[in-house]
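Just so it is clear, none of the values below were taken in a lab; they were calculated from the coordinates. The model shown is predicted, which means the values in this text are computed figures rather than measured ones. With ideal geometry, Cβ positions are generated from the backbone for all residues, glycine too; neighbour counts draw on all protein chains shown.
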Amino acid sequence: MNERRSHGRGALATAVACTLVALGPAAGAARAAPFQPLLAPTVAFDFSPAHPRVGDNVTFTSTSTDVGATITSEDWDFNHDGATDASGHVAHHTFNAAGSFIVTLTVTNDATPTPESNSAPRTVTVAANQPPVASFTFTPGAPLVGATVTFKSTSTDSDGTIVSQAWDLDNDGQFNDGTGLTATTAFTTPGPHVVRLEVTDDLGATNISSINVNVNQPPTASYTYKPDKPVEGDTVTFTSAATDPDGTIARTQWDLDGDGAFNDATGATATKTFSAPGTFDVGLRVTDDRGAVATTKGTISVIANNRPTAAFTYAPGTLNAGDTVTFTSSAKDSDGSIAAQDWDLNGDGVFDDAHGATAKRTFDAGAHRVSLKVTDDRGATDIAFQTLTVSGSGTDSTQSSASPNTFISPGPTGAPAPHNGPSVMSPFPIVSLRGRLVRGGAIITALQVLQMPRNARVEVRCSGRGCPFRRSVRSAGTRHRTLRFRAAERRLRAGVVISVLITRPGQIGKYTSFKIRRSGTPLRKDRCLLPGARLPTRCST
């Protein structure tokens, strides 16, 4: 057709040229402009999307042009049957099957006397729609009963877009429990729970994904401890009694110092020694095999340890130089047992001369201090001491071992040497102090004056902070006797001084003082009292 039209245009040009010749040179000069023949339209078009799929709404847009004429019509043939399926500069078509399709655009202009037309075919390849891929994740990874679980879609569509996402969270087969990118729920029972996600792409294709969510039952934290009633100094053993109903305990951690950090011990058991009485917090944290954590905190009451009581006796009761003296401990511990007994037999303050419940030693004549230190099964200690007077003449000692748990500090037993002047009291009295060492002082268990002369007078004074009395006066009466001052028998702090003044009219009397010390036995001082003198003096030897 195009070829025929081109021949027609040639004949017309020849006729026009002949006419111009016949008119002569003047006419030819008037029409000197050359003749421009008319052309057919140039046909072209684009389409979008560039890679259409089955079901896509494909938009075809003409890009045809015409020189010297105006395009009057654009007709589209989408199924290659020669018929017009759509007209216009822009047209739409949906392909219902995959494959290659020839699309033809025919363009016509308004050329005169005869409109010109031209056509252009183009192959359009239509691909099958790839359905979306449904997928999702959830957090936390090991959800607990009653905890909120968040599900998040990670679905994709390789050749389009996802237009809807629907959730089935209760496994009833209905995707009506949530829509959108995320959904949340809380499971009230442990064990597996099926969750599904259905996604739809922009061409209506769907896909379903499901995940089995295993809901974890958390462990239960608890513990026991022994001994049931711990005492200061005890080592307490803690034992986990934690359980996990749907798994195993993977980790056990202890907080033994009550600071809230579970970093003091790990494992099913832990131990701690409580060095002081009081109330203490102990915590346990357990983690199961799926990461669930449970904690518990308990209060441990530790009672104070009753210190042991150091005491000892000795035999024979009458001591002479060279005698072998046997010391026997009578120490006790009211809430435990005696773990160690150590002796200081030479008075040097070091408990290394003997060990055990008994000890033996011989002594020269004079005063000798013997001490016993006992330690209980929790490490508490106590010290008892006695000052023994050993006679060098073989005469009876005035010291008695009848009273257990005592130290005896009698001092010298002999009277001052005779001299011109007042006579010496006879028998010359002995002042004895018994007690136990304690922290910061001593506990006095007996203050006695032995072999008091008839009609003698005893005055006991106390000075220093914490004195239980200031002055106490007793009389011996008409016979020899022993006087005991119970007002002094209590705990006395370091710095307290007990003074004992024994007088009888016209005779030389005795002065003895004891200064309580923070460590060590009381410091003793023995002096004589001259008749009428206000201050004691050294006794003549």
Fill in the blank from the handout: With the 8 Å Cα cutoff and a minimum separation of six or more residues, the chain has a relative contact order in percent of 6 percent
Exercise for the section: Report, in degrees rounded to the nearest 10, the 0 to 90 angle that the Cα long axis of helix 2-23 makes with the longest principal axis of the chain. Expected result: 50 degrees
Completion exercise
Counting Lys and Arg as +1 and Asp and Glu as -1 over every other residue whose Cβ sits under 11 Å from the Cβ of Ile444, the net charge comes to +4
Problem - Label-point gap, in nm, between Asn455 and Ala339 - each point 7 angstrom along Cα→Cβ - result: 6.0 nm
Completion exercise
Ranked on Cβ counts within 10 Å of their own Cβ, fewest leading, Phe312, Phe469 go Phe469, Phe312
Completion exercise
So, over other residues within a Cβ distance under 12 Å of Asn171, counting Lys, Arg +1 and Asp, Glu -1, the net charge is -3
Handout entry: 5 angstrom amide H check on Ala147, placed H, neighbours 5+ away
Key = Phe187
Practice task
Between Val67 and Asp46, take the C-beta separation as r, use R0 = 30 Å, and let me know the FRET efficiency to the nearest 0.05.
Solution key: 0.90
Completion exercise
With the dipole of the chain defined by +1 on each Lys or Arg Cβ and -1 on each Asp or Glu Cβ, the option from Phe485, His89, Gly506 whose Cα lies farthest towards the positive pole is Gly506
Handout entry: Residue-averaged 222 nm ellipticity for the chain, from DSSP H runs of 4+ at -39500 (n - 2.57), nearest 500
Key = -1500 deg cm²/dmol
Problem - Positive-end extreme of charge dipole, the chain - chosen from Thr123, Val194, Ser301 (charges on Cβ) - result: Ser301
Exercise for the section: Could you please rank Tyr225, Tyr511, placing first whichever residue has the fewest other Cβ atoms within 10 Å of its Cβ? Expected result: Tyr225, Tyr511
Handout entry: Unsatisfied cross-links (Cα-Cα over 23 Å) in the set Lys332/Lys360; Lys360/Lys525; Lys360/Lys515
Key = Lys360/Lys525; Lys360/Lys515
Exercise for the section: Would you pull out the residues with amide H under 5 Å of Asp281's amide H, same chain only if 5 or more places away, H placed 1.01 Å from N? Expected result: Ile300
Fill in the blank from the handout: The summed charge of the Thr63 Cβ neighbourhood (under 14 Å; Lys/Arg +1, Asp/Glu -1) stands at -2
Completion exercise
So for the chain, using the alpha carbon gyration tensor with a ≥ b ≥ c as root eigenvalues (a/c under 1.5 gives rounded; past that, a/b versus b/c decides prolate or oblate), I'd call it prolate
Completion exercise
Assertion target for Arg436, Arg486, ordered by fewest C-beta neighbours within 10 angstrom first, is Arg486, Arg436
Problem - Vicinal HN-Hα couplings computed from phi for the range 511-519 (Karplus, 6.51 cos²θ - 1.76 cosθ + 1.60; Hz; Gly/Pro x) - result: 10, 9, 10, 10, 9, 6, 10, 5, 9
Fill in the blank from the handout: Computed ³J(HN,Hα) along the range 464-475: with the Karplus parameters 6.51/-1.76/1.60, θ = phi - 60°, integer Hz and x for glycine or proline, the list is x, 5, x, 4, x, 7, 10, 7, 9, 10, 9, 10
Problem - Karplus-derived 3J(HN,Hα), 6.51/-1.76/1.60, for each residue of the range 141-151, Hz, glycine and proline x - result: x, 10, x, 9, 4, x, 8, 6, 10, 10, 9
Problem - the chain - share of DSSP beta bridges that are antiparallel (%, nearest 5) - result: 95 percent
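Taking 8 Å as the Cα distance limit and 6 or more residues as the minimum spacing, I'd like the relative contact order of the range 420-541 as a percentage.
Relative contact order of the range 420-541: 24 percent.
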Fill in the blank from the handout: Once amide hydrogens are built 1.01 Å from N within the peptide plane, the residues lying 5 or more places from Val58 or on another chain with amide H under 5 Å from its amide H are His93, Thr94, Phe95
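Using only the Cα atoms of the range 38-126, build the gyration tensor, take square roots of its eigenvalues as a ≥ b ≥ c, and label the shape rounded, prolate or oblate: rounded if a/c is under 1.5, else prolate if a/b is larger than b/c, else oblate.
Numbers: a/c = 2.73, a/b = 2.34, b/c = 1.16.
It comes out prolate by the Cα gyration axes.
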Exercise for the section: Sequence neighbours fewer than 8 away in the same chain don't count; with that in mind, list the lysines whose C-alpha is under 20 Å from Lys226. Expected result: Lys272, Lys297
